[in-house]
Amino acid sequence: MKMTLSAQHLWLIPALPLLAAALGALTPRSGRTPAAGAAIGAMVLSFLLSCGALATALAHPAAHATANFTWFAVGDGAVRLGWLLDPLTAFMCVMVSFVSTLIFIFSLGYMKDDANFKQFFCFLSLFAAAMLGILVANSLLLLFVSWELVGLASYLLIGFWFHKPEAAAAAKKAFIVTRIGDLGFLLGILWLYDSTGSLLFYDNGAGVLEPTALGGLAAQTTLCGLALSTAIGLLIFCGAAGKSGQFPLHVWLPDAMEGPTPVSALIHAATMVAAGVFLIARVYPLMAADQLLAGVPVHALTVVAFIGAITALLGALIAVAQNDIKRVLAFSTVSQLGYMMLALGVGSWVAAVFHLLTHAFFKALLFLGAGSVIHAAHHEQDIRKLGGLSQPLRVTFATFAIGMMALAGVPFLFSGFWSKEAILHAAHEWEVSHLPLFAGLAAVVLTAFYMTRLVAETFFGKARSHAAEHVHENSAVMTVPLVLLAVCAIALGFLGTPAFPWLQARLLGETEVHGHSLLDGSGLMLGSIVLVALGLGAGWAVYWRTPRAKDTSPDPLASAAPATIAFLGARMKFDELYAATLGRLNTFLAAFADFLDHWVWGGAVNFLALLGEFSGTVNREADEGGLNAGFDATSEKLRQTGQAYSHAQTGGTHGYLRTVAIGFVVLVLLVMLGGGR
Amino acid sequence: MSAIAATEPFLERAPQLLRDAATGFLPEPWRWLVNSLIAIGVILAVFGTLFAFLTLAERKILGRVQNRPGPNRTPLPFIKIKFFGLAQPFADGVKSLTKEDIVPRDADQVLHFLAPVVLLAFSIITFAVIPFGRHLVPVELDAGVLYFFAAGAATELAVFMAGWASHNKYSLLAAMRALAQLISYELPLLLAWVPVVLVAGSLSTTEIVTAQAGWKFGFLPHWYVFTPWGFAGFVIFIVAALAESNRSPFDLPEAESELIAGHLTEYSGFKYALFFMAEYFGMIALSGMAITLFLGGWRAPLPFLEWIPSYAWFGAKLIVLLLGFIWIRATFPRLRMDQLTRFAWKFLVPLALINLGNAAFWSLTSHWTGALQLIRWAVSLVLIVGPFVLMGRKLSAGVAPRVYRYAPS
Amino acid sequence: MSPLQVCLLFSSALFCIGLVGALSRSNAILVLLGIELMLNAANLNFIAFWRYSPAPAVGTGVLFVIFSIAVAAAEAAVGLALVIAIYRHQKNIRLQEANRLKG
Amino acid sequence: MLGSGLLQGLGVTAKNFVGSFHDPARLTTTEYPEVKTKLPEAYRNFPFLVSENATDPMGTLRCVACQICEKECPPQCIFIEKSKDKKPDATGKLQLFPAVFDIDVSVCMSCQICVEVCPFDAIKMDQDFEIATTDRFTGLMLDKHALAKPNSYFHEIHPTDAAEVDGRLAAERKAAEEKAKAAAAAKAALAAAPKPAPAALAATAKPPAAPSAEAPKTPPAA
Amino acid sequence: MNAALAFIAVLTLASAAVAMALRNLIHSALLLIASWFGLAAFYLWAGAEFVAFAQVLVYVGAISMVVLFAVLLTRRSRQDLAVEPASLGRALSALLVGATVAVVLARAIFATPLAVAPTATPTISVRQLGAQLMGPHAAALLVVGVILTVALLGAVVLAATDRADSKENAP
């Protein structure tokens, strides 16, 4: 029986890993196996549920099945959340849960001898839960909540080895930089809520992404002529840029490599960084709403496209000059994300999602392969010290090679080629400008080059360090995920080839698939194949042919262009730039605030205290002197009269009774004679 | 008098017919006067003889219980044959009349004479409201029950007078103890009949009796004694009645072993007999009221026994109750003063109060039918048995069960 | 002289007897009894007015008397308790000597 | 439970009450004047004089006025005057008889010494206690006539003693007769002629003597 | 009807007056109780049955006991009961005040127009009284209940014997 999962039960997918995380948190430190078991079990279960969701989504791809509910009601306004099920969600859920499951299994082996093994799995399942939360959310608010949880999980995982100072610093850096992006995102959300009154994407007609709201947003223009939807779209893009490590806010991603490799694989290759792209894909109608206004100077998507292009180029350039195996992969992720943003910018979010899915698999494969290498080489990460590992690490080398070829975009067999091809095709059709296309093509060459450099340096030639000499293949628990990922890296490509764009059709909601022949790609495909071959050839020529002798022997490229490589090696000095500009601004503002607090506010409070004391003394003086004397005189007179009356108090009951009787008589007489009637 | 339906059996109407025959011809004001005089006469005659034979029955039953025949000697005045000592009461009467009536020199002559008179007067006027038969209610009062206990309240006054007037510090002391007993048992007595009034909804004795009409399941009469709170109220009423009329376990005041004859020490001759007559009248009145309140007054216990006249039923129940009193007197040892008051204040009063609550619950849930009826019964039962057992255990906490060393167990 | 006036005369006479008794006797208990008499006189008034009132059904007079009887009972109890307390202090209950509260 | 003791008590009295009507063992009171209880045999009250038969009590008194009892009676409450003439006793022998035989019952302490010392079993202890009188002087001075009671009454109140005494007297009488017969025979033999004088023997209606199993005592010295 | 009223009035007034005049405390107490009976008779005559019985039950049953107990408890010997006559001065002043009050009251009775037709003796059934008591006067009933209990406790505390006192003010 095909297990189908309706929108109402969608929340189960993120809930299970969250439960596992909670379980992990509660079990004592020694409870290693239960925590791990719970995490993996939860991931497998949510993967199965995701398949069910995918089945329902594919049944009627056009529909956006939602299940909304009221979280809390304040006065007459109510905050409503909900779950959304459509092909985009389903594909992403399947991808995230599958990759997470494999990475969890991999980290069983990788983290085996780590002290707080239990926490690691707790944080991982927390992260997976948050990521799935983003995917299934039908409301920007719920999405934002999961977004922050993902940020928190990445901070915890990056800073997992908190006893290493640079890991703690990297975690803080990642968290702060993504927070800057999230600030923009939050402003966007607030503005959106203010203007449309609701944060639900699809709320049978009243949702934000539905035509009525979009029309309203697109119609209004705000400051400097921007359409409201564009302004909100740009703000949301800030969040996406921060999280996906785009151009201005990409600095944290390479440093995030301080965390354990499965973390890098999971978060900084497959899922978290993809969250930004998913977000833009999710709110794509909002971003694309202002296309209609011809006169409007800036489109949100054009900005996205250019940022994407710059990041792709920038990432690829820096990756070439990195010597740490994980840093190279980090920058390659930055450039690939640039590619996805570029695809979104040029109008084809389907290509972006397709590249995202394929990239997730082979990048996770590469990272796990790097992890396997590091684990085998006793935590040696510098490729200059490695080398000659192809023989001892046979499986790792094979899977790593597949990953490299997919990333580089070796034609036809590997998924990377097809998804990158789709992006370049979309960039080609973009009528605004062709700059992003050229940047993309340049990045293709560079990607192929630095990947071959990486493979050559690590796997070929002679082992250049003691650690590299006696290396032995890892256990099955680490190699099986690699093989699985390798299979996916290859197979996934065939889902979206131009001849049979099944994935694109399903994502767009069409039920039948009409492909077009490979040839009418106006030679773009041919061009890209040539560029890939160029990149591979250059890489082989420089690094493969004459592998480096010792770890200290100079890098051939560095010797060729020392200045640029050094500059690229230092990540284009962005950190120093930021420190110089933003850092100093921040310190100045802090100093100014301190001054204000001490002198301006402090002074006012002290003055008030002084005033109170002064009035107290004046009051005492007045009271002591004038008032008492008069008061005592009157009370004395009162006492005397009381004394006089007390003589009537004889103590004899008869006397009292007699006075009562006489009083009564007098009273009655008064009433009778005094004209009472 | 309510109109006498002609359909009722002859015996039922007999008393009325007799009386109307006797006073039919008189004009109205006089006819009422004569009627009431007749009523008074009848009551005094009937209950006078009942008193006489009650003393005899008491001595015979006590005898029989102690395995001795009891008085059976006194021959009827002129006929020699002696049977069962039936003439005994007349002999007692003659004896008490002929005995010398000694009055202490320093006694307060007026009070000394007044005490028995007041006591007897008040115990007799209590008979005015007891419905002896279907139409045999001497006086139909709206607050009949209250009248009954108001009259009863004056007995304490008489006891005090007796105690004080005989100028003897022992009898004064005994009077004080008797007063303490009477007062502490007046409360449970009053609290015992309040539930009946609460359920019956009226203070008039005739309405209480009519409220107990009818039978449930054909054989169980609607008498209040057959309801849990009714039975508890009946028991408390009887115990309090015993105490009020200074009988059996509570006969401390004139117990021989205590202060001679208590406040009656200085009395002899007919005044002494008057005291006894007052006590017995009190006992008869209280049991009459117990019958009216709890045993369905003059109602027949079973439907097919209706043909027996109502006053016969009242008489039968009265006899049964009085024999019960005598039976209790034959059985129970005398209670010490502190046990007596502790029993009243710490056991009877709280139990009566709880019983009041119980009756309130009963009347509030009167509309329950079917299964609820059982629940109502069960709750009412528990409401009474629970406190009874708990307080009972607390009351007899100090008293360990007697261990007879030599007597065979 | 209507019967109502007879009743009122009766009650005022009773009241004055109580008053005279309370004023003349020095024995605390008799003073209390005098006051008790005055209270009863008041009750008598209520019943008299109720008896001859246009709307006897509404037993306000009767109710008032019931409450007054209850309160009088409470008052008598407390008063006599006081008398006993006084007796314990000064071994006699002459009111003239019980004036220790004078100013 | 508080009430259980009370109910048990009532039960006991009820059982007693009912029992007293049908269980003879329960109702043991004998209504004295009409029903007299059987006095124990050894009960004794004041002495009485035994007369052989009820028809002529004065004539057949066993007492021969030997005044032993008068002398022995500790409180000296017996007063006897001998008679002038004699009358034959049971065995035909001429004996004196008391003219006056008074016992002051108010003084008698019923010590039974008179019975023990009386050789002729003439005085026995009576069981009649209903001798209250209003006149405490003459009323309590019982004379011969009041004291005499037939032997049959003696048998009623002291059956064993009576039987024993009668047995002994019968034996004596038989012995006396045999001696008399022997004497007569001897005299006959002597005088061969004189016709033996018929011994005037008052036929005494003697009840069949109890089988006197014991050996006949030697006749007391006359 | 007036005859019965007059008879009752005379009896009650006589017993009250004698009660106040007597020297023997017990006799005056008992006479006062007799006057209470007279009052109950008046209530009966007026038709307020319930009040009459309540009066008998409360006054004759309970208050008489309290009074008599108080009389007995506050004397050292039998002579104490023969209370010395009120001093002439006080008696006279008392009579004077009493007389003035009586005159004023009588004047008030005769002056105010009370002419009311003698209606038939109204009867108020206990059920009506009960409804009144439980209905509008329920609060008053509860308050009276509270007053009685407080008075009861107060009386007990006030009249507690010396033994308790000695224990209390022991250091």
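The values are calculated or read from the model by the stated rules, or taken from the named source; none is laboratory data. Quick caveat: nothing in here was measured; it's all calculated off a predicted structure. Backbone-built Cβ (ideal geometry, glycine too); neighbour counts: all protein chains shown.
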statement: Given (1) modelled with pLDDT of 85 or more; (2) surrounded by 24 or more Cβ atoms within 10 Å (Cβ to Cβ); (3) of a type in the set (A, V, I, L, M), residue A:377 misses just (1)
Options B:85, B:93: the member that is of a type outside the set (Val, Ile, Thr) and within 14 Å of another protein chain (Cβ to nearest Cβ): B:85
Single match in D:210, D:191, D:122 (criterion: modelled with pLDDT under 90 and within 12 Å of the chain's Cα centre (by Cα)): D:122
Unmet criterion (only one of (1) at pLDDT below 85; (2) β-branched (Val, Ile, Thr); (3) assigned to a helix (DSSP H, G or I)) for residue A:66: (3)
field: Out of A:269, A:256, sole residue that is closer than 28 Å to residue A:87 by Cβ and either touching a helix residue (DSSP H, G or I) at 6+ places or on another chain (Cβ under 7 Å) or in a helix (DSSP H, G or I) (or both)
entry: A:269
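For (1) touching a residue at least 60 places away in the same chain (Cβ under 8 Å); (2) under 13 Å from the mean Cα position of the chain (by Cα); (3) under 27 Å from residue A:37 (Cα atoms); (4) not in a helix (DSSP H, G or I), each residue gets a yes or a no:
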residue	(1), (2), (3), (4)
A:120	yes, no, yes, no
A:124	yes, no, yes, no
A:129	yes, yes, yes, no
A:143	yes, yes, no, no
A:151	yes, yes, yes, no
A:169	yes, no, no, no
A:172	no, no, no, no
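Give the residue, chosen from A:264, A:198, that is over 30 Å from residue A:159 (Cα atoms), at pLDDT 80 or above and not in a strand (DSSP E or B).
Details: A:264 fails: over 30 Å from residue A:159 (Cα atoms).
Only one candidate passes the filter, namely A:198.
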task: Say whether the condition of being of a type in the set (Asp, Glu) and within 17 Å of residue B:122 (Cβ to Cβ) is met by at least one residue in the range B:138-147.
output: no
field: Residue within the range E:72-80 that is at pLDDT 90 or above, within 14 Å of chain B (Cβ to nearest Cβ) and within 27 Å of residue B:152 (Cβ to Cβ) present
entry: no
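Starting from residues that are among the hydroxyl-bearing types (Ser, Thr, Tyr) and within 12 Å of chain B (Cβ to nearest Cβ), keep the ones in the range E:22-60 and report whichever is farthest from residue B:122 (Cα to Cα).
Taking the range E:22-60 first, the residues among the hydroxyl-bearing types (Ser, Thr, Tyr) are E:28, E:35, E:43, E:59.
Next, only the ones that are within 12 Å of chain B (Cβ to nearest Cβ) stay: E:43, E:59.
On the way: E:43: 19, E:59: 15 Å.
Once the filter is applied, the top-ranked residue is E:43.
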message: If a residue counts only when it is in contact (Cβ under 8 Å) with a residue 12 or more places away in the chain and aliphatic (A, V, I, L, M), which helices (runs of 4 or more DSSP H) contained entirely in the range A:559-664 have at least 1 such residues?
response: A:562-569
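Select from the range A:165-211 the residues that are of a type in the set (Asp, Glu) and within 29 Å of residue A:250 (Cα to Cα) and write down the one among them that is surrounded by the fewest Cβ atoms within 10 Å (Cβ to Cβ).
Here is the first cut: in the range A:165-211, the ones of a type in the set (Asp, Glu) are A:166, A:182, A:194, A:203, A:210.
Checking the rest, the ones that are also within 29 Å of residue A:250 (Cα to Cα) come to A:166, A:182.
Numbers: A:166: 11, A:182: 20.
Checking each candidate, the answer is A:166.
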- request: Output the residue which, of all residues in the range C:28-42 that are under 24 Å from residue C:99 (Cβ atoms) and within 7 Å of another protein chain (Cβ to nearest Cβ), is nearest to the chain's Cα centre (by Cα).
  value: C:37
- prompt: Of all residues in the range D:15-32, which are in a helix (DSSP H, G or I) and either facing another protein chain (nearest Cβ under 7 Å) or touching a Lys or Arg at 6+ places or on another chain (Cβ under 7 Å) (or both)?
  reply: D:16, D:17, D:19, D:20
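Can you name every residue in the range C:64-89 that is facing chain E (nearest Cβ under 7 Å) and either more than 16 Å from residue C:40 (Cα to Cα) or in contact with a His (Cβ under 6 Å, 6 or more places away or on another chain) (or both)? Even if it seems obvious, please write down each step before you answer.
To start, the set of residues in the range C:64-89 that are facing chain E (nearest Cβ under 7 Å) comprises C:65-67, C:69-71, C:73-74, C:76-78, C:80-85, C:87-88.
C:78, C:80, C:81, C:82, C:83, C:84, C:85, C:87, C:88, listed by residue number.
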task: Might you let me know whether the range A:431-444 holds any residue that is in contact with a Ser or Thr (Cβ under 9 Å, 6 or more places away or on another chain) and aromatic (Phe, Trp, Tyr)?
output: no
- prompt: If you take the residues in the range C:51-63 that are within 7 Å of chain E (Cβ to nearest Cβ) and either crowded, with 24+ Cβ neighbours inside 10 Å or part of a helix (DSSP H, G or I) (or both), which one is modelled with the lowest pLDDT?
  reply: C:59
- prompt: Mind checking which residues of the range B:163-203 are aromatic (Phe, Trp, Tyr), surrounded by 21 or more Cβ atoms within 10 Å (Cβ to Cβ) and touching a residue at least 60 places away in the same chain (Cβ under 8 Å)?
  reply: B:185, B:193
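Residues to consider are B:272, B:267; find the one that is out of contact with any Leu (no Cβ under 8 Å at 6 or more places or on another chain) and either assigned to a helix (DSSP H, G or I) or buried (at least 22 other Cβ atoms within 10 Å of the Cβ) (or both).
Values: B:272 fails: out of contact with any Leu (no Cβ under 8 Å at 6 or more places or on another chain).
Selected residue: B:267, the only one of B:272, B:267 that is out of contact with any Leu (no Cβ under 8 Å at 6 or more places or on another chain) and either assigned to a helix (DSSP H, G or I) or buried (at least 22 other Cβ atoms within 10 Å of the Cβ) (or both).
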- prompt: Which ones in the range B:127-147 are closer than 17 Å to residue B:296 by Cβ and buried (at least 24 other Cβ atoms within 10 Å of the Cβ)?
  reply: B:129, B:130, B:131, B:132, B:134, B:137, B:144, B:145
- request: Looking for whichever is in a helix (DSSP H, G or I) and either closer than 17 Å to residue E:43 by Cα or of a type in the set (Ser, Thr, Tyr) (or both) here; the options are C:32, C:23, C:44, C:19. Which one fits?
  value: C:44
- prompt: Any idea which residue in the range B:204-233 is farthest from residue B:150 (Cα to Cα), counting only those that are small (Gly, Ala, Ser) and in contact (Cβ under 8 Å) with a residue 12 or more places away in the chain?
  reply: B:218
